[in-house]
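The values are calculated or read from the model by the stated rules, or taken from the named source; none is laboratory data. Remember, predicted model here, so these are calculated numbers, not experimental data. Cβ: placed from backbone, ideal geometry, glycine included. Neighbour counts: every protein chain shown.
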Amino acid sequence: MIPIEIIQKHFPFFDKDLQDQIAEVGEVKEFEPGDVLMKTGQNIRSTMLVLSGLIKIFREDDEGNEFFMYYLQSGQACALSMVCAIKQETSQIMAKTVSQTEVIAIPLTYMDQWMANYKSWYHFVVSSYRDRFEDMLQTIDHIAFRNMDERLVFYLKQHQASTGSDMLSISFTEIAQELNSSREVISRLMKKLTEKGMIRQHKSYIEIVNL
């Protein structure tokens, strides 16, 4: 059983009865950076509430190319996986940890029941879906209407805000994959940002100076 204090700390807006239910049926799981939590086409057996860490949500095409969508942090849940769970559909997204991450896994069987019985859970699911939809719209806007250099700055700002750090441990290859570009293009644009004093490039990380 999960200590109720953990639920109250990260999800204080849930009804007391719902907090008790989560403590009873939920399971705390820990993941290392780079662990895959969900794959495209996977049957969803549980939904996850994030306690700590950072999770990256992205789409993957038939050739294995990745398209970054948004991040999940403490106090959040992946709305798309929750909707798929409720409708008993397979996952249409990939989820991978960026840092050491701890989540509460909740069995699928409770989704419909909680939607009907707890307003706080219903509002949490709807709010999560709305917030993630807005995240995706912002990402799509940059893809559709911005040049690659603007998309790169937007991407770096997102990563900076989500990690809470100016030191980003991410490779040019990974950035290129998530922006559906090439490493050569990203390398050239990063060089320009360095020359403008917006970033500094180090051997194992990128330092954000002024974006």
Worksheet item: Listed residues Val125, Val98; which is touching a Leu at 6+ places or on another chain (Cβ under 9 Å) and under 17 Å from Val50 (Cα atoms)?
Response: Val98
Worksheet entry | Enumeration of residues in segment 146-177 that are among the charged types (D, E, K, R) and under 17 Å from Pro33 (Cα atoms) | Glu174
Worksheet, complete the sentence: Scanning segment 52-87 for residues that are at pLDDT 85 or above and out of contact with any helix residue (DSSP H, G or I) (no Cβ under 9 Å at 6 or more places or on another chain), the one surrounded by the fewest Cβ atoms within 10 Å (Cβ to Cβ) turns out to be Gly53
Item to complete: Considering only segment 4-51, state which residues are over 21 Å from Met115 (Cβ atoms) and either of a type in the set (A, V, I, L, M, F, W, C) or touching a helix residue (DSSP H, G or I) at 6+ places or on another chain (Cβ under 7 Å) (or both).
Response: Ile4, Ile6, Gln8, Val28, Phe31, Val36, Leu37, Leu51
Worksheet item: So Thr139 clears everything in (1) touching a residue at least 12 places away in the same chain (Cβ under 8 Å); (2) not assigned by TED's automatic domain parsing to the domain that holds Met94 except one condition, right? Which one?
Response: (2)
Practice prompt. Find the residue count for segment 177-202, including only residues that are in a loop (DSSP other than H, G, I, E, B) and at pLDDT below 85.
Written response: 3
Item to complete: Give the residues of segment 22-45 that are surrounded by 19 or more Cβ atoms within 10 Å (Cβ to Cβ) and farther than 27 Å from Ile170 by Cβ, sorted by residue number.
Response: Ile22, Gly26, Ile44
Worksheet item: Between residues in segment 15-31 that are touching a residue at least 40 places away in the same chain (Cβ under 8 Å) and residues that are in a helix (DSSP H, G or I), which pairs lie under 7 Å by C-beta distance while being six or more apart or on different chains?
Response: Asp15/Ser120; Leu18/Trp114; Leu18/Ser120; Leu18/Trp121; Ile22/Ile7; Val25/Tyr110
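Condition check ((1) at pLDDT 90 or above; (2) crowded, with 16+ Cβ neighbours inside 10 Å) across all residues:
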residue	(1), (2)
Gln113	no, no
Asn117	yes, no
Asp135	no, yes
Gln138	no, no
Ala144	no, no
Gln158	no, yes
Ile175	no, yes
